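Trainee: First, the structure itself, so that you have it in front of you.
The values are calculated or read from the model by the stated rules, or taken from the named source; none is laboratory data. All values derive from a computational prediction rather than experimental measurement. Heads up, the Cβs are rebuilt from the backbone with ideal geometry, glycines too, and the neighbour counts pull from every protein chain shown.
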Amino acid sequence: MSKIERIETTVLDIPTIRGHVLSMTTMTAQSIVLVRIRFSDGSVGLGEGTSIGGMSYGPESPESIKVAIDAYIAPLLEGRDGNDVNGAVALVEKAVRGNPIARCAVEIALWDGLGKRLGVPVSQLFGGAVRRAMPVAWTLASGHSETDIAEAEKMLATRRHNIFKLKIGKRRVREDLAHVAAIADAVGDRASIRVDVNQAWSLTEARQGLAGLAAIGVDLAEQPIRTGSLAALRALTERTGVAIMADEQLNGPADALAVAAERAADVFAVKIGQSGGLKRASEVVAIGEAAGIGLYGGTMLEAGVSTAAALQLFATVAHLDWGTELFGPLLMTDEILAEPIIYRDFSVHLPEGPGIGVELDEDKVAFHRRDRARTLQA
Ligand code: MUC
Ligand code: MG
């Protein structure tokens, strides 16, 4: 038996390549909670818990993720059989309400450790990969139409992305529509244009906004209104030609079932963190597939560890109609993986190798540690 000996957490802060303007915050750095599980046979599992913009996107923050793991999850799991991932998931869910990103971070490390000990990729533990590469969107969110157009042109020319998600909802609806139209005009039929409102619109604004987006030819609108009212989301989904994607609305299988039962959205943005781990995310996927809801591999702008874990799961999904947005590592100024994830030909590639398929660049991790100043003095 390989026991869970120790669960360690480290907060990293890595600047973003430019300001990332969302409806609720502008990010200039991303904060990552790195998890290492040390097992009794000497194997190590890697995990990551990452949210967006402190507590402005959702109820978890880097600090709360770290505390939830250090004070509540680690003591519960240390000493247990490292191979019993389902047992760990059930135990943690019973003792820790909410906190899906913290739970996911630890679960990733458990799957990674198990895969490494067995010498198989995590995708195999979820039934096997059906694809080695997936379409990958890029988010245009500089806050300026001209900068976004230049960025889109660069992505098209280098064949890195031909799906663009525009972050809107901060400005008035009319201004946002002009911004979206300018970008859609510039890229024409060379790319798919989608938007993410991050809950910013009222129902009235959403009706106006979606009519405008449909006229522009936008393919998809993500979380146009705040979470809570499935009836309102359904009313929008029924009345617009733009596909509606649920994001913040989905925090695991129970939410997925509720959205599916109400037919409140056309597409699920499946996020491993928001779902509470790979296991629960796979259940969100199953509910979406059973309900005929489109699937999309979402991100919390995670670094390479969580991105690799998500790729392991999404590689096993039969119908990934809307592709993915697993570009998180590219938004940061520095790479913490020893071998970066490959982005090529408008696709992100599944890392090869056991577990989640990635290793850390320890020098980079040491450099970006939040407590580096203290570590250097010690
Ligand atoms: C979100 O709301 O989907 C994903 C891509 C991006 O730019 O922001 C995130 C969060
Ligand atoms: Mg979103």
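Trainee: Kindly provide the set of residues from the stretch 74-108 that are farther than 21 Å from ALA310 by Cα, in a helix (DSSP H, G or I) and in contact (Cβ under 8 Å) with a residue 12 or more places away in the chain, ordered by number.
Mentor: Passing the criteria: ALA74, LEU76, LEU77, LEU91, ALA95.
Trainee: From LEU311, LEU295, which residue is touching a Phe, Trp or Tyr at 6+ places or on another chain (Cβ under 8 Å) and either more than 18 Å from ASP196 (Cβ to Cβ) or not hydroxyl-bearing (Ser, Thr, Tyr) (or both)? Steps first, please.
Mentor: Values: LEU311 fails: touching a Phe, Trp or Tyr at 6+ places or on another chain (Cβ under 8 Å).
Unique residue meeting the criteria: LEU295.
Trainee: On the given criteria, is LEU295 in the same structural domain as PHE268 (by TED's automatic domain parsing) and in a loop (DSSP other than H, G, I, E, B)?
Mentor: Numbers: in the same structural domain as PHE268 (by TED's automatic domain parsing): yes; in a loop (DSSP other than H, G, I, E, B): no.
When the stated conditions are applied, LEU295 does not pass them.
Trainee: Scan the stretch 219-245 residue by residue and report those that are within 16 Å of ligand 1 (Cβ to nearest atom) and in a helix (DSSP H, G or I).
Mentor: Listed by number, the list holds a single entry, LEU233.
Trainee: Looking at (1) under 12 Å from the mean Cα position of the chain (by Cα); (2) within 22 Å of GLY45 (Cβ to Cβ), find the lone condition where GLY298 falls short.
Mentor: Only one criterion in (1) under 12 Å from the mean Cα position of the chain (by Cα); (2) within 22 Å of GLY45 (Cβ to Cβ) is unmet by GLY298, namely (2).
Trainee: Search the stretch 159-177 for residues that are assigned to a helix (DSSP H, G or I) and pair each with any residue that is of a type in the set (A, V, I, L, M) when their beta-carbon atoms are under 6 Å apart and the residues are at least 6 apart or on different chains.
Mentor: As it stands, the answer is ASP176/ILE168, since those pairs meet every condition given.
Trainee: Also, I was wondering about something else. Condition test on THR28, is it surrounded by 15 or more Cβ atoms within 10 Å (Cβ to Cβ) and either at pLDDT 95 or above or under 30 Å from ARG226 (Cα atoms) (or both)? Show your work before the answer.
Mentor: Details: surrounded by 15 or more Cβ atoms within 10 Å (Cβ to Cβ): no; either at pLDDT 95 or above or under 30 Å from ARG226 (Cα atoms) (or both): yes.
No.
Trainee: Right, something else. Looking at (1) under 30 Å from ARG80 (Cα atoms); (2) in contact with a Leu (Cβ under 9 Å, 6 or more places away or on another chain), which is the only condition PRO135 fails?
Mentor: All conditions pass for PRO135, except number (1).
Trainee: Also, I was wondering about something else. For GLY115, which of the numbered conditions (1) outside any helix (DSSP H, G or I); (2) more than 24 Å from GLU222 (Cα to Cα) fails to hold?
Mentor: (1)
Trainee: Here's something else I'd like to know. Take the residues in the stretch 301-332 that are within 18 Å of ARG369 (Cβ to Cβ) and within 16 Å of ligand 1 (Cβ to nearest atom), then tell me which one is farthest from the chain's Cα centre (by Cα). Before you say what the answer is, go through the steps one by one.
Mentor: Quick first cut of the stretch 301-332, residues within 18 Å of ARG369 (Cβ to Cβ) only: 302-306, 329, 332.
Remaining after also requiring within 16 Å of ligand 1 (Cβ to nearest atom): 302-304, 306, 329, 332.
Values: GLU302: 6, ALA303: 10, GLY304: 11, SER306: 8, PRO329: 11, MET332: 14 Å.
It comes out as MET332.
Trainee: Quick test of your reading of the structure: GLU248 fulfils all but one of (1) closer than 28 Å to ALA109 by Cβ; (2) part of a helix (DSSP H, G or I). Name the failing condition by number.
Mentor: Here GLU248 clears every test but (2).
Trainee: In the stretch 281-289, is there at least one residue being surrounded by fewer than 23 Cβ atoms within 10 Å (Cβ to Cβ), assigned to a loop (DSSP other than H, G, I, E, B) and either within 16 Å of ligand 2 (Cβ to nearest atom) or of a type outside the set (A, V, I, L, M, F, W, C) (or both)?
Mentor: No, that holds for no residue.
Trainee: Please state which of the following conditions MET134 fails to meet, knowing it meets all the rest: (1) more than 16 Å from ligand 2 (Cβ to nearest atom); (2) buried (at least 22 other Cβ atoms within 10 Å of the Cβ); (3) aliphatic (A, V, I, L, M).
Mentor: Failing condition for MET134: (2).
Trainee: Something else now. Among the residues that make up the stretch 173-181, is at least one of them among the charged types (D, E, K, R), more than 26 Å from VAL285 (Cα to Cα), surrounded by 14 or more Cβ atoms within 10 Å (Cβ to Cβ) and in contact with a Gly (Cβ under 8 Å, 6 or more places away or on another chain)? Walk me through how you get there before you give the answer.
Mentor: Narrowing the stretch 173-181 to residues among the charged types (D, E, K, R): 174-176.
Next, from what is left, pick out any that are more than 26 Å from VAL285 (Cα to Cα): 174-176.
Retained after the next criterion (residues that are surrounded by 14 or more Cβ atoms within 10 Å (Cβ to Cβ)): 176.
Restricting the remaining residues to those that are in contact with a Gly (Cβ under 8 Å, 6 or more places away or on another chain) gives 176.
Checking the stretch 173-181: at least one residue is among the charged types (D, E, K, R), more than 26 Å from VAL285 (Cα to Cα), surrounded by 14 or more Cβ atoms within 10 Å (Cβ to Cβ) and in contact with a Gly (Cβ under 8 Å, 6 or more places away or on another chain).
Trainee: Oh, and also: Across the stretch 31-57, what is the number of residues that are surrounded by fewer than 18 Cβ atoms within 10 Å (Cβ to Cβ) and within 12 Å of ligand 1 (Cβ to nearest atom)?
Mentor: 1
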